[in-house]
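The values are calculated or read from the model by the stated rules, or taken from the named source; none is laboratory data. Everything numeric here is computed off the predicted structure, so don't read it as measured data. Methodologically, a virtual Cβ is constructed for each residue, glycine included, from the backbone with ideal geometry; neighbour enumeration extends over all protein chains shown.
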Amino acid sequence: MDDQAAGDARDAQRVPVCYRHPDRETGIRCTRCERPICPECMIDASVGFQCPECVRTGSGTGHAPSASLPRTLAGGTVAADPRLLTKILIGINLAVFLAVQIRPSLLDPLVLVGVWPPEPFLPRDGVAEGEWYRLFTSMFTHEEIWHIAFNMLGLWWLGGPLEEALGRARFLALYLVSGLAGSALTYVLASGSTASLGASGAIFGLFGAIAVLMRRLNQDMRGIIALLVINVIITIGWSNIAWQAHLGGFVAGVVIGYAMVHAPRERRALVQYGTCALVLAAVVVMTLLRTAQLT
């Protein structure tokens, strides 16, 4: 009897946990259904706080229903298909690859090149001649089957977990900005007349971001480290690989990934997208400086 009484006393003193996040203790309850809710789930109402379900289904005076949608680790909206954007990106890359195979002349205006041909030939093409779009189009362009196969496998393996953890908008920002950072560093460090192409910069950005995410979740990183080491060895040992794109994308991925998963909740979107904007600003500065050198 005494043991039972002690157990009942402990149960009575135990702090309730959020019904949507069982790992979070809370002393706040929804004013409508009285279920315990944590700060992330609390939605302001005319009196007290309400839970997401009550706001979504009822006629209370809380935030808009979209505010009550379940969120990812980085604050994005949880989607029914967490790999949708990954599939779309793979589809775009494959479509461009097939178009280039069918019509090889499409390759020339899509690849990343500083300026071609060298002086004194005129007219000339390239980023230095104002074709900044090449920084973007080269991210989706491949010529060899092995090249697109490796990159798309990497996108599938890394893109799905990141898209699920970050949400679609944040994942897309990570992918595109990392790819642009890789293109910009290639433009700065490679010969102005050297053409480069491929999604490797964006893929290495995903490598950097997933390493940050796994560290944040305290997961075993040996597998991702081994895969990254293999890719670094290939980058160094294989000729005709734009290591500059790999380095630029990886650094951008680490920076953006850290902002995505470590941003404080109260100003999360500002920190996350502000970091993306800063990396984009660095891309613009690098491109302007290199253009001034080549012209």
- Find the residue count for region 188-226, including only residues that are in contact (Cβ under 8 Å) with a residue 24 or more places away in the chain and assigned to a helix (DSSP H, G or I). 17
- residue 134 fails exactly one of the following numbered conditions: (1) touching a helix residue (DSSP H, G or I) at 6+ places or on another chain (Cβ under 9 Å); (2) at pLDDT below 95; (3) charged (D, E, K, R). What is the number of that condition? (2)
- Item | In region 77-107, residue nearest to residue 166 (Cα to Cα) [restricted to those that are in a loop (DSSP other than H, G, I, E, B) and in contact with an Asp or Glu (Cβ under 7 Å, 6 or more places away or on another chain)] | 82
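For (1) within 19 Å of residue 200 (Cβ to Cβ); (2) modelled with pLDDT of 95 or more; (3) out of contact with any helix residue (DSSP H, G or I) (no Cβ under 8 Å at 6 or more places or on another chain), each residue gets a yes or a no:
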{"position": "92", "(1), (2), (3)": "yes, yes, no"}
{"position": "105", "(1), (2), (3)": "no, no, yes"}
{"position": "115", "(1), (2), (3)": "no, no, no"}
{"position": "128", "(1), (2), (3)": "no, no, no"}
- Query: How about region 196-222: which of its residues are over 21 Å from residue 152 (Cα atoms) and more than 16 Å from the chain's Cα centre (by Cα)?
  - Reply: 217, 218, 219, 220, 221, 222
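Does any residue of region 212-219 turn out to be among the aliphatic types (A, V, I, L, M) and either in the same structural domain as residue 41 (by TED's automatic domain parsing) or closer than 15 Å to residue 178 by Cβ (or both)?
Of region 212-219, the ones among the aliphatic types (A, V, I, L, M) are 212-214, 217.
Adding the requirement that they be either in the same structural domain as residue 41 (by TED's automatic domain parsing) or closer than 15 Å to residue 178 by Cβ (or both) leaves 212-213.
Checking region 212-219: at least one residue is among the aliphatic types (A, V, I, L, M) and either in the same structural domain as residue 41 (by TED's automatic domain parsing) or closer than 15 Å to residue 178 by Cβ (or both).
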- residue 230 passes all but one of the listed conditions (1) free of Cβ contacts under 8 Å to residues at least 60 places away in the same chain; (2) part of a helix (DSSP H, G or I); (3) within 19 Å of the chain's Cα centre (by Cα); the exception is number (3)
- Task: List every residue pair whose Cβ atoms sit under 7 Å apart, with the two residues 6 or more apart in sequence or on different chains, where the first one lies in region 40-65 and is part of a helix (DSSP H, G or I) and the second, anywhere, is at pLDDT 70 or above.
- Result: 52/41; 52/43; 54/30; 54/32; 54/33; 55/43; 65/55; 65/56
- Here are 128, 95: which of them is aliphatic (A, V, I, L, M) and over 29 Å from residue 286 (Cα atoms)? 95
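Taking the stated definitions as given, is residue 256 assigned to a helix (DSSP H, G or I), surrounded by fewer than 16 Cβ atoms within 10 Å (Cβ to Cβ) and assigned by TED's automatic domain parsing to the domain that holds residue 187?
Values: assigned to a helix (DSSP H, G or I): yes; surrounded by fewer than 16 Cβ atoms within 10 Å (Cβ to Cβ): no; assigned by TED's automatic domain parsing to the domain that holds residue 187: yes.
For residue 256, the condition - assigned to a helix (DSSP H, G or I), surrounded by fewer than 16 Cβ atoms within 10 Å (Cβ to Cβ) and assigned by TED's automatic domain parsing to the domain that holds residue 187 - is not met.
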- Within region 161-179, can one find any residue that is in the same structural domain as residue 276 (by TED's automatic domain parsing), outside any helix (DSSP H, G or I), in contact with a strand residue (DSSP E or B) (Cβ under 8 Å, 6 or more places away or on another chain) and not polar (S, T, N, Q)? yes
- Can you tell which of 173, 282 is touching a Cys at 6+ places or on another chain (Cβ under 8 Å), in contact (Cβ under 8 Å) with a residue 40 or more places away in the chain and surrounded by fewer than 24 Cβ atoms within 10 Å (Cβ to Cβ)? 173
- Counting only residues that are under 15 Å from the mean Cα position of the chain (by Cα) and either over 16 Å from residue 135 (Cα atoms) or among the polar types (S, T, N, Q) (or both), which one in region 240-253 is surrounded by the fewest Cβ atoms within 10 Å (Cβ to Cβ)? 251
- Selection count where residues are closer than 24 Å to residue 174 by Cα and either surrounded by fewer than 16 Cβ atoms within 10 Å (Cβ to Cβ) or outside the structural domain of residue 289 (by TED's automatic domain parsing) (or both), scope region 94-130: 2
